[in-house]
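S.K.: Take a look at the following structure, please.
The values are calculated or read from the model by the stated rules, or taken from the named source; none is laboratory data. For clarity, every value in this text was computed on a predicted model and none was experimentally measured. Reconstructed Cβ throughout: ideal geometry from the backbone, glycine too, with neighbour counts over all protein chains shown. All accessible areas refer to the heavy atoms of the entire protein, side chains included, with ligands and DNA or RNA removed. Shrake-Rupley method; radii C 1.70, N 1.55, O 1.52, S 1.80 Å.
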Amino acid sequence: MSEPIPILLDCDPGHDDAIALLLALASPELELLGVTTVAGNQTLEKTTANALRVLELVGRPDVPVAAGADRPLARELVVGAYVHGESGLEGPALPAPASRPVAQHAVDFLAERILTSARPVTLVPVGPLTNVALLLARHREAAANVERIVIMGGAIAEGNVTPAAEFNVYVDPEAAWRVFRSGVPVTMIGLDVTHKALMMPAHVERLRASGAVGRFVAELHDYFVRFHRETYGFEGAPIHDAVAVAQVLRPGLVETVHRHVDVDRESELCRGRTVVDLWRRTGKEPNADVGTDIDAPAFLELLCERIESLEPAK
Ligand code: BDR
Ligand code: CA
């Protein structure tokens, strides 16, 4: 096997963030250099605690966690408690974390990890893009050693927080706008893709029967699926953030087109909408590989296999 791809996961756990983190930990194709947290699905304090709790669950407190921005660049924080609950990770019973985040701010941690990596690093932000925007503004020199940024966020044609916008981009549209125009290669995994790959009851029962880590994921799903059942009538839940991780370790799993993406930061109605120039109406240079379709059975099989391979902490 070729050398693992160094990645940094920037997240706001969050049910699907937690599963994305487990997928990264279980995948030998990836070298997880660290985890950074941001306010989004819940407050920074809660998302950071949740990242630590998940790492401890699988006996990986050695993976450093750095806490980052506690609010968006220019707006009040909006949290996703209506999807992820009061703790941000409602459902399974998890003890409070025993470990602590590193003393460094996530933005400086990201810069240091990127600049000291022998190989270019892939950033995988799966929450609001505040930390990544700050990184690119404050440590511009780090951008040269970033291979690409694979974002879970946005959508071509739908929204989940408003009719027009996906949650991660809605929360911090100014940050997302900066990342898309940064010149660093961006891959956008949006709702049009993640809503095509639902974790269905058969996957969930398979995981529940597989051991303690599988049971944890099944219990996350039991809670997370409620929002999706009530809102969309889905029988299963999209594991949005895990799709971004999967696309890094299995390139081609998600089909993409190279297009220009802009972010609405002005209107109230369409705040945070990712405006994807699918039919090349603007003549603007493409700035992102935009996901359009996914091999859903392959993704879900990969995800289940990898989760099943994880052992709980002794
Ligand atoms: C995104 O928003 C959050 O609720 C999820 O964790 C995911 O990153 C989906 O819109
Ligand atoms: Ca997330």
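S.K.: Does the range 228-239 include one or more residues that are touching a residue at least 40 places away in the same chain (Cβ under 8 Å), open to solvent by 10 Å² or more (accessible area, probe 1.4 Å) and more than 13 Å from ligand 1 (Cβ to nearest atom)?
M.R.: Within the range 228-239 (the criterion being touching a residue at least 40 places away in the same chain (Cβ under 8 Å), open to solvent by 10 Å² or more (accessible area, probe 1.4 Å) and more than 13 Å from ligand 1 (Cβ to nearest atom)), the answer is no, since none of the residues qualifies.
S.K.: Is it fair to say R119 is surrounded by fewer than 17 Cβ atoms within 10 Å (Cβ to Cβ), touching a strand residue (DSSP E or B) at 6+ places or on another chain (Cβ under 9 Å) and touching a residue at least 60 places away in the same chain (Cβ under 8 Å)?
M.R.: yes
S.K.: How many residues, within the range 149-160, are out of contact with any His (no Cβ under 7 Å at 6 or more places or on another chain) and within 12 Å of ligand 2 (Cβ to nearest atom)? If you could, list the steps in order and put the result at the bottom.
M.R.: Filtering the range 149-160 for residues out of contact with any His (no Cβ under 7 Å at 6 or more places or on another chain) gives 149-151, 153-160.
Add one more test, that the residue is within 12 Å of ligand 2 (Cβ to nearest atom), and what stays is 151, 153, 160.
Of the residues in the range 149-160, 3 are out of contact with any His (no Cβ under 7 Å at 6 or more places or on another chain) and within 12 Å of ligand 2 (Cβ to nearest atom).
S.K.: Could you grab me the full set of residues in the range 65-110 that are in a helix (DSSP H, G or I) and open to solvent by less than 50 Å² (accessible area, probe 1.4 Å)?
M.R.: Matches in the range 65-110: A81, V83, H84, A106, V107, D108, F109, L110.
S.K.: Moving on to the next point. Can you find, within the range 11-46, the residue that is nearest to ligand 2 (Cβ to nearest atom) among those that are in contact (Cβ under 8 Å) with a residue 60 or more places away in the chain and of a type in the set (S, T, Y)?
M.R.: Here the answer is T37.
S.K.: For the range 25-45, enumerate the residues that are away from ligand 1 (no atom under 11 Å from the Cβ) and surrounded by 24 or more Cβ atoms within 10 Å (Cβ to Cβ). Write out each step before concluding.
M.R.: Here is the first cut: in the range 25-45, the ones away from ligand 1 (no atom under 11 Å from the Cβ) are 25-37, 39, 43-45.
Those that are away from ligand 1 (no atom under 11 Å from the Cβ) and surrounded by 24 or more Cβ atoms within 10 Å (Cβ to Cβ): V35, T36, T37, A39.
S.K.: Sticking with this one: If you take the residues in the range 179-215 that are more than 24 Å from V58 (Cα to Cα) and open to solvent by 60 Å² or more (accessible area, probe 1.4 Å), which one is nearest to ligand 1 (Cβ to nearest atom)?
M.R.: My answer is K196.
S.K.: Tally up the residues in the range 275-303 that are of a type in the set (A, V, I, L, M), more than 23 Å from V184 (Cα to Cα) and outside any strand (DSSP E or B), please. If you could, list the steps in order and put the result at the bottom.
M.R.: Applying the first criterion (of a type in the set (A, V, I, L, M)) to the range 275-303 yields 275-276, 278, 288, 290, 294, 296, 298, 300, 302-303.
Those left that are additionally more than 23 Å from V184 (Cα to Cα): 294, 296, 298, 300, 302-303.
Applying the additional criterion that residues be outside any strand (DSSP E or B) yields 296, 298, 300, 302-303.
Looking only at that region, the number is 5.
S.K.: Which pairs turn up if I take residues in the range 142-170 that are farther than 22 Å from R229 by Cβ and within 14 Å of ligand 1 (Cβ to nearest atom) and look for partners that are small (G, A, S) and not in a loop (DSSP other than H, G, I, E, B) with beta carbon separation below 7 Å, at least 6 apart in sequence or on another chain?
M.R.: Pairs found: V150/A244; I151/A244; G153/A176; V169/A176.
S.K.: In the range 276-296, what residues are free of Cβ contacts under 8 Å to residues at least 60 places away in the same chain and under 20 Å from the mean Cα position of the chain (by Cα)?
M.R.: D295, the sole residue that qualifies.
S.K.: Also, quick follow-up: Could you pull out the residue among A218, A176, A133, A142 that is part of a helix (DSSP H, G or I), of a type in the set (A, V, I, L, M), crowded, with 18+ Cβ neighbours inside 10 Å and touching a strand residue (DSSP E or B) at 6+ places or on another chain (Cβ under 6 Å)?
M.R.: Exactly one residue qualifies, and that residue is A176.
S.K.: So for the range 48-61 (the condition being within 14 Å of ligand 1 (Cβ to nearest atom) and basic (K, R)), does at least one residue qualify?
M.R.: Looking for residues that are within 14 Å of ligand 1 (Cβ to nearest atom) and basic (K, R), one finds none in the range 48-61, hence no.
S.K.: Going through the range 1-19 one residue at a time, which ones are assigned to a strand (DSSP E or B) and open to solvent by 10 Å² or more (accessible area, probe 1.4 Å)? Before the answer, list the steps.
M.R.: Start the filter on the range 1-19 by keeping residues that are assigned to a strand (DSSP E or B), which leaves 5-11.
The answer is I5, and nothing else.
S.K.: Only one of (1) at pLDDT 95 or above; (2) over 30 Å from T116 (Cα atoms) fails for N168. Which number is that?
M.R.: (2)
S.K.: Sticking with this one: Restricting the search to the range 262-314, which residues are among the hydroxyl-bearing types (S, T, Y) and farther than 30 Å from L57 by Cβ? Full working, then the answer.
M.R.: Our first condition is that a residue be among the hydroxyl-bearing types (S, T, Y); within the range 262-314, this holds for 267, 274, 282, 292, 309.
Scanning the range 262-314 gives S267, T274, T282, T292.
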